[in-house]
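Asks: Dropping the structure in here first, questions after.
The values are calculated or read from the model by the stated rules, or taken from the named source; none is laboratory data. Treat the numbers as computed from the prediction; the structure is a model and nothing was measured. All Cβ positions, glycine included, derive from the backbone under ideal geometry; neighbour counts span all protein chains shown. Accessible surface is based on the protein model in full, side chains and every heavy atom, while ligands, DNA and RNA are left aside. Shrake-Rupley method; radii C 1.70, N 1.55, O 1.52, S 1.80 Å.
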Amino acid sequence: MSAILDFIGVGFIVALVKALVVFAALLLTTILVVWFERKVIADMQSRVGPSRWGPFGLLQTLADGIKLFFKEDFRPQGADKWAYALAPVLAMVPAILGFAVVPVGGVLGFGDTKVGLVGSDLNVGILYFLAMGSLNVYGIVLAGWASGSKYPLLGGIRSTAQLISYETSLGLSLVPIALVAGSLSTVQIVQAQAGTVGNVTFFDGIPILEQVSSLFKFIPNWFIWSQWPAFAIFFISGIAETNRAPFDLPEAESELVAGYHTEYSGIRFALFFLGEYVHVVLISAMAVTLFFGGWDGPIFPFLSWLWPLIWFTLKTIAFVYLFVWLRATMPRLRYDRLMWLGWKRLIPAALLWIMVTAVVNTAGIDRGVRLAVFGALFLLVLGFVIRGDPRQKTAVSPQRRVSSGTA
Amino acid sequence: MSIAESVIRTIEDKGAGAFVESYDPAEQNMIINMGPVHPSTHGVLRLVLELSGETVLDCRPVIGYLHTGIEKECEDQTWRGAVTAVTRMDYLAPFHNEQAYSLAVEKLLGLEVPPRGKYIRTLMSELGRLSSHLVWFGTSGLDMGAMSAMFYGFRERELFLDFYEMVTGLRMNHGFNIPGGVWQDLPEGWEEVCDSIVSIMPGRIDDYESLLTENPIWLERTKGVGIMSTEDAVRFGATGPIGRAAGLDWDLRRDMPYEVYGELSFDVPVASEGDVYARYQVRMAEMRESVKLVRQVMEKMPEGDYKNMDPKIMPPPRSEMNRSMEAVIHHFKLVTQGYTVPAGDAYAAVESPRGELGAYIVSDGGTAPYRCHVRDPSFINLQSLASMAKGGLVADLIAVIASVDPVMGGVDR
């Protein structure tokens with residue numbers, strides 16, 4: 001036994017177990033996230049939401065999945081056989097693979113063996129995440145093309161443009177993080193956010209601000225404080241990457257019926273569905289990892305290994321909630337406006353912010369505060385630029401002609 | 001070759017009814033069928049689109065998928081019975097259908113409606129406008145991706161439908177406005193229910209506005225989209241909110257008052273932009289005006305008969321029939337034969353939620369309409385769709401359809 005163990009190595013077995021655990025956890029998470037979304041959005045729309053299967057309708061997603069699984073495996077006549085079958089897999093697998101670099105906790109010790117709670121601590125973790133995100137495009141494009149139908153084709157064309165454009169700004173928004181953390185490894189990025197902001201001497205000598213800045217000792221040293229513009233760009237691009245409202249153009253129901261997956265049914269559709277929700281969780285988890293300190297949080301003496309996991313989960317749920325909230329609130333963007341936002345606003349903004357970060361990053365200990373100040377200015381400018389679209393300036397209100405009533 | 005030409009040619013080639021799209025691969029343009037089953041064509045509207053990328057080069061509405069022959073059906077009904085047929089045309093504004101028809105028949109008969117009947121009609125007509133605009137609000141929100149709008153709109157519509165059920169016994173297709181008045185009096189306790197509706201609505205409309213009116217995405221989707229000029233509005237015969245959003249200051253309630261609108265005071269919202277956003281604003285303002293109108297009607301509601309008691313037209317009350325031979329005879333005649341209407345023709349129009357809804361009635365002196373034609377605003381307004389959609393994107397087309405708010409039951413009749 002131990003000979004075999006020596007041969008294949010403990011590391012391999014640990015990696016295998018981790019992969020299986022992450023995969024199983026993801027599938028379970030997806031079921032819960034779908035239920036969560038349906039419940040939350042139902043609440044926002046004054047409905048009840050799923051309530052039939054299991055307590056609070058928790059098993060509804062499972063029931064839906066089983067139904068999809070047993071449906072006829074239907075393929076339209078004009079479809080390209082192999083590409084049609086490949087597309088759903090390509091849409092789901094990269095989303096799941098992306099989780100390999102998401103650290104959900106610190107290091108666990110089993111005797112001599114130390115196990116990091118991350119699929120794989122790559123030194124190019126962010127690049128790997130971006131690469132997996134890019135692969136996702138193929139699934140959607142292939143689905144649109146291989147269906148041999150017109151609406152999916154339109155959806156495929158839309159998503160090609162959308163995903164490629166927003167891939168750029170997503171990547172650019174992560175450059176400042178790498179600059180600040182000095183690493184591309186997700187684990188090291190989380191470690192760089194440990195602790196609190198610490199002593200700030202920037203405001204020393206200014207009466208009130210000095211008092212306020214002493215509070216920084218209690219604020220966790222997350223990148224969100226200094227990198228909120230990057231976060232804004234990351235999150236907007238992330239929503240676009242996941243094809244979620246208000247950027248759900250590739251599957252815009254009211255325009256393209258169901259977009260790229262119009263012709264898909266049964267388990268193939270379920271894979272697309274799964275892929276989308278895994279992607280939502282992935283983007284949320286990455287936002288937490290890169291900007292909100294990952295598993296960082298107060299650790300209490302009992303079950304000390306569990307707390308990082310809990311903090312990570314709670315933060316991720318908060319972001320999933322944000323996704324749902326946006327879906328309940330926002331109308332859908334139009335195709336050309338989406339391109340306008342991506343290319344003319346987000347990418348220049350991201351480039352500008354990289355420059356600002358690079359310059360300020362060379363400053364000393366108070367860089368957190370400086371970045372925060374710069375960030376506030378930057379957001380103001382960005383907000384002004386976006387709102388300053390000439391098409392929005394003329395607000396009209398209907399004139400009225402009064403009826404000649406007696407009252 | 002444009003779609004229009006190709007369609008005309010194929011119809012000529014293959015005979016009427018054989019509508020076949022022609023596709024020329026050399027054109028590089030995509031011809032795509034939007035509808036009759038599509039999430040956002042509001043029923044069974046079919047649009048044949050010629051697309052270059054996502055730009056709509058041509059748009060040809062094809063209608064008739066909901067044709068049920070209601071106008072023809074009226075000819076087999078008595079004058080009273082035809083009400084139950086016309087109410088099914090524009091199924092989101094059943095009161096207005098009945099009202100237009102009843103007004104036309106009353107014109108031919110020279111029949112007066114007692115004040116209370118008129119007020120009840122006006123009350124139901126304004127509530128009907130509100131409930132119809134709520135459907136418009138919900139569906140246009142849904143069409144542009146604001147899914148919650150749909151649920152809010154239908155949530156409030158439920159209040160109205162409950163009230164309709166209380167008053168008429170049915171949630172839709174009421175058959176309530178009949179020639180000579182209304183079918184029955186308002187029930188006990190209608191004031192409380194009606195009052196609760198009109199006191200809820202202003203706050204709810206504020207909620208809708210806070211959701212969409214200043215939402216940047218909503219503005220981008222609607223402003224400058226699907227523009228119709230005032231001249232075009234006149235040329236296409238577009239009426240109602242679409243016409244008023246295009247600067248056509250025309251509202252039958254104010255300009256050709258019927259029922260009791262002359263005694264009520266209200267504003268007519270008019271915008272000049274003629275785009276989807278202007279239509280949104282006009283409809284929102286109209287909803288507020290309707291709430292005001294309902295309040296006025298409630299205050300002024302007179303006592304008295306709710307229908308003309310002319311025994312030749314209206315069946316006598318049940319109590320009369322126990323002691324009056326004439327009442328029994330009248331009842332027998334009206335039930336077995338119906339009443340006759342003097343030969344001639346008449347046109348009466350009301351302002352439905354979608355525009356001028358007119359009924360043109362021809363009588364040959366018999367007990368059934370010789371012809372009952374309805375000028376349905378959905379049908380007339382729909383022909384402006386192509387001119388508004390051309391040159392825009394597919395997403396704009398969706399916004400335009402939602403803003404025209406066609407009801408296919410009214411289009412196909």
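Asks: When you scan the range B:381-401, do you find a residue that is of a type in the set (Ser, Thr, Tyr) and under 30 Å from B:ILE313 (Cα atoms), even just one? Even if it seems obvious, please write down each step before you answer.
Replies: Within the range B:381-401, the first condition is being of a type in the set (Ser, Thr, Tyr), and the residues that meet it are B:384, B:387.
Still in the list and also under 30 Å from B:ILE313 (Cα atoms): none.
Taking every residue of the range B:381-401 in turn, none turns out to be of a type in the set (Ser, Thr, Tyr) and under 30 Å from B:ILE313 (Cα atoms).
Asks: Considering each of A:ILE96, A:ILE41 in turn, give the residue that is in contact with a Lys or Arg (Cβ under 8 Å, 6 or more places away or on another chain) and of a type in the set (A, V, I, L, M).
Replies: Values: A:ILE96 fails: in contact with a Lys or Arg (Cβ under 8 Å, 6 or more places away or on another chain).
Just one listed residue meets the conditions, A:ILE41.
Asks: A further question on this structure: Got a number for residues in the range A:207-250 being of a type in the set (S, T, N, Q), modelled with pLDDT of 70 or more and either out of contact with any Phe, Trp or Tyr (no Cβ under 8 Å at 6 or more places or on another chain) or part of a helix (DSSP H, G or I) (or both)?
Replies: Within the range A:207-250, residues that are of a type in the set (S, T, N, Q), modelled with pLDDT of 70 or more and either out of contact with any Phe, Trp or Tyr (no Cβ under 8 Å at 6 or more places or on another chain) or part of a helix (DSSP H, G or I) (or both) number 4.
Asks: Give the range A:64-96 a look and list any residue that's farther than 19 Å from A:SER159 by Cα and touching a Leu at 6+ places or on another chain (Cβ under 7 Å), or say none.
Replies: A:ILE96
Asks: A further question follows. Could you tell me which numbered condition B:ASP305 fails, if it satisfies all but one of (1) touching a residue at least 40 places away in the same chain (Cβ under 8 Å); (2) on the phi < 0 side of the Ramachandran plot; (3) facing chain A (nearest Cβ under 10 Å)?
Replies: Checking B:ASP305 against (1) touching a residue at least 40 places away in the same chain (Cβ under 8 Å); (2) on the phi < 0 side of the Ramachandran plot; (3) facing chain A (nearest Cβ under 10 Å), the one that fails is (3).
Asks: Check whether at least one residue in the range B:160-170 is part of a helix (DSSP H, G or I), within 30 Å of B:THR222 (Cβ to Cβ) and under 21 Å from the mean Cα position of the chain (by Cα), and report yes or no.
Replies: Within the range B:160-170, the subset part of a helix (DSSP H, G or I) is B:160-168.
Still in the list and also within 30 Å of B:THR222 (Cβ to Cβ): B:160-161.
So of that shortlist, the ones also under 21 Å from the mean Cα position of the chain (by Cα) come out as B:160-161.
Yes, some residue in the range B:160-170 is part of a helix (DSSP H, G or I), within 30 Å of B:THR222 (Cβ to Cβ) and under 21 Å from the mean Cα position of the chain (by Cα).
Asks: Related question: Which of (1) within 14 Å of chain A (Cβ to nearest Cβ); (2) open to solvent by 10 Å² or more (accessible area, probe 1.4 Å); (3) of a type in the set (D, E, K, R) does B:GLU126 not meet, given it meets every other one?
Replies: Among (1) within 14 Å of chain A (Cβ to nearest Cβ); (2) open to solvent by 10 Å² or more (accessible area, probe 1.4 Å); (3) of a type in the set (D, E, K, R), the lone unmet condition for B:GLU126 is (2).
Asks: Does any residue of the range B:220-230 turn out to be surrounded by 20 or more Cβ atoms within 10 Å (Cβ to Cβ), in contact with a His (Cβ under 7 Å, 6 or more places away or on another chain) and either free of Cβ contacts under 8 Å to residues at least 24 places away in the same chain or away from chain A (no Cβ under 11 Å) (or both)?
Replies: No - not one qualifying residue is present in the range B:220-230.
Asks: Another one. Residue check, A:GLU253 against (1) more than 19 Å from A:VAL141 (Cα to Cα); (2) at pLDDT below 80, all met but one. Which one?
Replies: (1)
Asks: Answer yes if at least one residue in the range B:189-201 is over 21 Å from the mean Cα position of the chain (by Cα) and assigned to a loop (DSSP other than H, G, I, E, B), and no otherwise.
Replies: Yes, the conditions are met somewhere in the range B:189-201.
Asks: Here's something else I'd like to know. On the basis of being within 14 Å of another protein chain (Cβ to nearest Cβ) and over 25 Å from A:ASP296 (Cβ atoms), does A:ASP73 make the cut? First the steps, then the outcome.
Replies: Numbers: within 14 Å of another protein chain (Cβ to nearest Cβ): no; over 25 Å from A:ASP296 (Cβ atoms): yes.
For A:ASP73, the condition - within 14 Å of another protein chain (Cβ to nearest Cβ) and over 25 Å from A:ASP296 (Cβ atoms) - is not met.
Asks: Would you confirm whether any residue within the range B:51-69 is open to solvent by less than 10 Å² (accessible area, probe 1.4 Å) and aliphatic (A, V, I, L, M)? Explain how you work it out, then say what you get.
Replies: Filtering the range B:51-69 down to residues open to solvent by less than 10 Å² (accessible area, probe 1.4 Å) leaves B:51, B:56, B:59.
Among the residues that remain, those that are also aliphatic (A, V, I, L, M) are: B:51, B:56.
Yes - at least one qualifying residue is present in the range B:51-69.
Asks: Applying the selection to the range A:320-338, what residues are in contact with a Ser or Thr (Cβ under 6 Å, 6 or more places away or on another chain) and either within 14 Å of chain B (Cβ to nearest Cβ) or surrounded by fewer than 20 Cβ atoms within 10 Å (Cβ to Cβ) (or both)? Full working, then the answer.
Replies: From the range A:320-338, those in contact with a Ser or Thr (Cβ under 6 Å, 6 or more places away or on another chain) are A:320, A:328; that's our starting set.
Result: A:ALA328, single match.
Asks: Which of the residues that make up the range A:238-260 are out of contact with any Gly (no Cβ under 7 Å at 6 or more places or on another chain) and farther than 20 Å from A:ILE41 by Cβ?
Replies: Within the range A:238-260, A:GLU255, A:VAL257 meet the criteria.
Asks: Could I ask something else about it? What are the residues in the range B:263-280 that are at the interface with chain A (Cβ under 7 Å from one of its Cβ atoms) and not hydrophobic (A, V, I, L, M, F, W, C), if any? Before you say what the answer is, go through the steps one by one.
Replies: Taking the range B:263-280 as the starting set, the residues that turn out to be at the interface with chain A (Cβ under 7 Å from one of its Cβ atoms) are B:263-271, B:273, B:278.
The answer is B:GLU263, B:SER265, B:ASP267, B:PRO269, B:GLU273.
Asks: Tally the residues that are buried (at least 24 other Cβ atoms within 10 Å of the Cβ) and either away from chain B (no Cβ under 12 Å) or closer than 25 Å to A:PRO348 by Cβ (or both), restricting the search to the range A:142-155.
Replies: 4
Asks: So which residues in the range B:207-216 are open to solvent by less than 20 Å² (accessible area, probe 1.4 Å), part of a helix (DSSP H, G or I) and within 11 Å of another protein chain (Cβ to nearest Cβ), if there are any at all?
Replies: Matches in the range B:207-216: B:LEU212 only.
Asks: Let me ask another. Report those helices (runs of 4 or more DSSP H) wholly inside the range B:339-413 carrying at least 1 residues which are under 15 Å from the mean Cα position of the chain (by Cα).
Replies: Here the list reads B:377-382, B:394-404, B:408-412.
Asks: State all residues of the range A:251-272 that are in contact (Cβ under 8 Å) with a residue 24 or more places away in the chain and within 25 Å of A:LEU32 (Cβ to Cβ); if no residue qualifies, say none.
Replies: A:GLU251, A:ALA258, A:HIS261, A:TYR264, A:SER265, A:GLY266, A:ILE267, A:ARG268, A:PHE269, A:ALA270, A:LEU271, A:PHE272
Asks: Failed condition for B:VAL167, given (1) away from every other protein chain (no Cβ under 11 Å); (2) surrounded by fewer than 20 Cβ atoms within 10 Å (Cβ to Cβ); (3) at pLDDT 90 or above, with all others met?
Replies: (2)
Asks: Now, a different point. Quick check, is B:GLY366 over 30 Å from A:LEU249 (Cβ atoms) and either out of contact with any helix residue (DSSP H, G or I) (no Cβ under 8 Å at 6 or more places or on another chain) or crowded, with 23+ Cβ neighbours inside 10 Å (or both)? I'd like the intermediate steps shown before the answer.
Replies: On the way: over 30 Å from A:LEU249 (Cβ atoms): yes; either out of contact with any helix residue (DSSP H, G or I) (no Cβ under 8 Å at 6 or more places or on another chain) or crowded, with 23+ Cβ neighbours inside 10 Å (or both): yes.
Criteria met by B:GLY366.
Asks: Within the range A:39-57, restricting attention to residues that are in a helix (DSSP H, G or I) and within 23 Å of B:GLY153 (Cα to Cα), which residue is nearest to the other protein chains (Cβ to nearest Cβ)? Give the steps one after another, and end with the answer.
Replies: As a first pass, look at the range A:39-57 and keep what is in a helix (DSSP H, G or I): A:39-44, A:55-57.
Add one more test, that the residue is within 23 Å of B:GLY153 (Cα to Cα), and what stays is A:39-44.
On the way: A:LYS39: 14, A:VAL40: 12, A:ILE41: 8, A:ALA42: 9, A:ASP43: 11, A:MET44: 6 Å.
Restricting to residues being in a helix (DSSP H, G or I) and within 23 Å of B:GLY153 (Cα to Cα), the top hit is A:MET44.
Asks: Pull up the range A:228-266, narrow it to residues that are within 10 Å of chain B (Cβ to nearest Cβ) and among the acidic types (Asp, Glu), then point me to the one that is least open to solvent (accessible area, probe 1.4 Å).
Replies: Checking each candidate, the answer is A:GLU255.
Asks: A follow-up question, please. Among (1) open to solvent by 60 Å² or more (accessible area, probe 1.4 Å); (2) farther than 24 Å from A:LEU32 by Cα; (3) at pLDDT 80 or above, there is one condition A:TYR128 misses while meeting the rest; what is its number?
Replies: Condition not satisfied by A:TYR128: (1).
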